[in-house]
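The values are calculated or read from the model by the stated rules, or taken from the named source; none is laboratory data. Since the structure is predicted, the reported quantities are computational estimates derived from the model, not experimental observations. Positions of Cβ are generated from backbone atoms using ideal geometry, with glycine treated the same way; all protein chains shown enter the neighbour counts. Note: accessible area is taken over every heavy atom of the protein model, side chains too, but ligands, DNA and RNA are not part of it. Shrake-Rupley method; radii C 1.70, N 1.55, O 1.52, S 1.80 Å.
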Amino acid sequence: EAVSGWIRRVIYRSSVSLNWLGAVRSALWRLRTTPAALRAGRSEVPPKMRDVIPDKAELNTTLDYVKHVVLKTITNPEFQWIFSSTIPSSRSELRITDAKQKINIVDRTLVDEKGVRWLIDFKTGTPNSGQSDEEFIKTMLERYRMQLEGYRSLFSAMDENPIKMALLLTAINQLAIL
């Protein structure tokens, strides 16, 4: 599934109460859902998550936010190629170990029809109050440049395809190419 891990992270990051974050993190790996299930309102809420967020209104607000963000992103026609399961080279949450034995997890990678390797990291952050989309994109690209450059370095050593790097900024529904 191209989006299941990302959905877990969106839920995790949308949780309002800092006191619950550790417990939410441990509960969320159990979340199993698909885009079709989300559209139909059939996504499962892990039982432990109900225990972690006992306030039904807060739980529903969190899940509504997640559903909105995920559906807005995966139904955007401009992003269909990112989430396509028909591209043989596509991988989600790909773990790659670097020379220092650090595990790097690439949210999404694929080789497009032009032979370009894409390294895409999903970011769920939101712009600051009064910050324009352009300022937000610039800030996020600066903040995550080193992370993406690290991914590129790893892939360059094992892949001869040209490489493009991007952030999928879910809050503003934009693919920001570095």
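Numbers at a glance
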| item | result |
| --- | --- |
| Residue-span extension gain [Ser129 to Ser84] - 0.36 nm each, minus C-alpha spacing | 12.8 nm |
| Local net charge near Trp81, Cβ-Cβ under 14 Å (Lys/Arg +1, Asp/Glu -1) | +1 |
| Residue-span extension gain [Thr97 to Asp112] - 0.36 nm each, minus C-alpha spacing | 3.0 nm |
| Protection-proxy order for peptides 170-177, 152-159, each taking the mean of Cβ atoms within 10 Å per residue, highest first | 170-177, 152-159 |
| Using a Förster distance of 22 Å, the FRET efficiency for Asn60-Asn173 (Cβ separation, nearest 0.05) | 0.45 |
| Only Lys, Arg (+1) and Asp, Glu (-1) charged, at Cβ; the stretch 52-172 dipole about Cα centre in debye | 280 debye |
| Accessible carbon and sulfur surface of the stretch 79-118 relative to its total accessible area, %, 1.4 Å | 52 percent |
| Antiparallel bridge percentage (DSSP; both residues within the stretch 85-178; nearest 5) | 65 percent |
| Rough spin-label spacing in nm, given labels placed 7 Å along Cα→Cβ, for Glu160 and Asn104 | 2.1 nm |
